[in-house]
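Here it is, the structure in full.
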Amino acid sequence: MIDFIDPARSFNAAEYVEGARTAIDDIASRGKRVIVEGGTMLYVDALCDGFSLTGIPPNAALRAELETLDVDVLRERLLALDPDPGIDLKNPVRMIRAIEVLEAAGPPLRALRTRKPPPWRTLRIGLTASLDVIDRRLAERSRKQVARGLVAETQAALDAGVPETAAVLTGIGYAEALAHIHGDLTLEELPVAMAQSNRRYARRQLRWWRRDGRVRWFEIEPDPLPGILTYVGESA
């Protein structure tokens, strides 16, 4: 799914699941074993378990914005996302949550109330390490991203017409590169700021995935691959 979406447009979990399932079916049809790699919690749960409203975490920034709107404006915004959400259109709390869910997962809201698990079986494999090792690797990765031209890539996206508010430019790395372009971070401060953001996100990921007893964990140092291959072979 490389180059799957124009970076200037929005993208939600429902679109991801549709594209990922198409890719998975294509890979499986060629007799290959499918490996899905990634760490965005909502997207992984949506793909592997089917959607669930409880799996869509609160969006504090969006909620703060929506709470400033009156009921009529909230209703208009909700109905623009989903003309038939199936909730009380006079209840601002329910409308705010519905907008939050729809902006993350996509419509229709009624379909998101019921999990629809995929037809295939999954093995969940997680990589872990001490926090010191994770932090060291994140710092190294951040430095390499900057050295490989992250700032130039971000500027090229802006020059191509991708708005600064596009979701792709709010992600870790691009957001800090934008801050550098605006003069808020020096080039030396850029990888440090990226590493800090990555550390916060990595801890969120670990908290999320460690609650899932289906994940089989492997230490990233030394090489975890032999153990992973053995585990996959025994589970086939």
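In the range 168-190, how many are over 18 Å from the mean Cα position of the chain (by Cα), open to solvent by 20 Å² or more (accessible area, probe 1.4 Å) and in contact (Cβ under 8 Å) with a residue 40 or more places away in the chain? It would help to see each step written out before you state the result.
So the first thing to find is which residues in the range 168-190 are over 18 Å from the mean Cα position of the chain (by Cα), and the list is 177-190.
Now narrow it down to the ones that are open to solvent by 20 Å² or more (accessible area, probe 1.4 Å): 179-189.
Add one more test, that the residue is in contact (Cβ under 8 Å) with a residue 40 or more places away in the chain, and what stays is 187.
Matching residues across the range 168-190 total 1.
Among the numbered conditions (1) small (Gly, Ala, Ser); (2) exposed (fewer than 14 other Cβ atoms within 10 Å of the Cβ); (3) under 26 Å from Pro163 (Cβ atoms), tell me where Ala105 comes up short.
It is condition (2) that Ala105 fails.
Moving on to the next point. Which of the residues that make up the range 191-202 are closer than 14 Å to Glu140 by Cβ and open to solvent by less than 60 Å² (accessible area, probe 1.4 Å)?
Within the range 191-202, Pro191, Met194, Ala195, Asn198, Ala202 meet the criteria.
Here's another thing I want to ask about it. Here is a check on your reading of the model: is Asp3 of a type in the set (D, E, K, R) and loosely packed, with under 14 Cβ neighbours inside 10 Å? Quick ask: steps written out before the conclusion?
On the way: of a type in the set (D, E, K, R): yes; loosely packed, with under 14 Cβ neighbours inside 10 Å: yes.
Judged against the criteria, Asp3 is a match.
Yes/no per residue for (1) of a type in the set (Asp, Glu); (2) touching a Ser or Thr at 6+ places or on another chain (Cβ under 6 Å); (3) in contact (Cβ under 8 Å) with a residue 60 or more places away in the chain:
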{"position": "Leu79", "(1), (2), (3)": "no, no, no"}
{"position": "Asp82", "(1), (2), (3)": "yes, no, no"}
{"position": "Ile87", "(1), (2), (3)": "no, no, no"}
{"position": "Arg97", "(1), (2), (3)": "no, no, no"}
{"position": "Pro108", "(1), (2), (3)": "no, no, no"}
{"position": "Pro118", "(1), (2), (3)": "no, no, yes"}
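Return the residue satisfying two criteria in turn: it lies in the range 59-76 and is under 13 Å from Arg94 (Cα atoms) and surrounded by 12 or more Cβ atoms within 10 Å (Cβ to Cβ), and of such residues it is modelled with the lowest pLDDT.
So the residue we want is Arg63.
If you don't mind, there's one more thing I want to ask. For Val146, state whether it is part of a helix (DSSP H, G or I), surrounded by 14 or more Cβ atoms within 10 Å (Cβ to Cβ) and more than 21 Å from the chain's Cα centre (by Cα). Let's see the steps before the verdict.
Details: part of a helix (DSSP H, G or I): yes; surrounded by 14 or more Cβ atoms within 10 Å (Cβ to Cβ): yes; more than 21 Å from the chain's Cα centre (by Cα): yes.
Yes.
Go through Thr154, Thr165, Thr128 for me and flag whichever is closer than 28 Å to Pro57 by Cβ, open to solvent by 70 Å² or more (accessible area, probe 1.4 Å) and not aliphatic (A, V, I, L, M). Break it down stepwise before answering.
Numbers: Thr154 fails: open to solvent by 70 Å² or more (accessible area, probe 1.4 Å); Thr128 fails: open to solvent by 70 Å² or more (accessible area, probe 1.4 Å).
Just a single option satisfies the conditions, and that option is Thr165.
Can you name the condition, by its number, that Gly106 falls short on among (1) on the phi > 0 side of the Ramachandran plot; (2) modelled with pLDDT of 90 or more?
Single failed check for Gly106: (2).
Can I ask one more? Name the single residue that is farthest from the chain's Cα centre (by Cα) among those in the range 1-42 being of a type in the set (D, E, K, R), under 27 Å from Gly161 (Cβ atoms) and not in a loop (DSSP other than H, G, I, E, B).
Kept after step one, since they are of a type in the set (D, E, K, R), are these residues of the range 1-42: 3, 6, 9, 15, 18, 21, 25-26, 30, 32-33, 37.
Filter again for under 27 Å from Gly161 (Cβ atoms), leaving 3, 6, 9, 15, 18.
The next check asks that each one be not in a loop (DSSP other than H, G, I, E, B); those that pass are 15, 18.
Values: Glu15: 12, Glu18: 15 Å.
Top of the filtered list is Glu18.
Considering the range 200-228 alone, what residues qualify as being modelled with pLDDT of 95 or more and part of a helix (DSSP H, G or I)?
Once the filter is applied, which keeps residues that are modelled with pLDDT of 95 or more and part of a helix (DSSP H, G or I), the range 200-228 yields Leu225, Pro226, Gly227, Ile228.
The values are calculated or read from the model by the stated rules, or taken from the named source; none is laboratory data. This one's a predicted model, so the numbers in the text were calculated from it and none came from an experiment. For neighbour counting, all protein chains shown are included, and Cβ atoms are generated from backbone atoms with ideal geometry for every residue, glycine included. Calculation scope for accessible area: heavy atoms of the full protein, side chains included, ligands and nucleic acids excluded. Shrake-Rupley method; radii C 1.70, N 1.55, O 1.52, S 1.80 Å.
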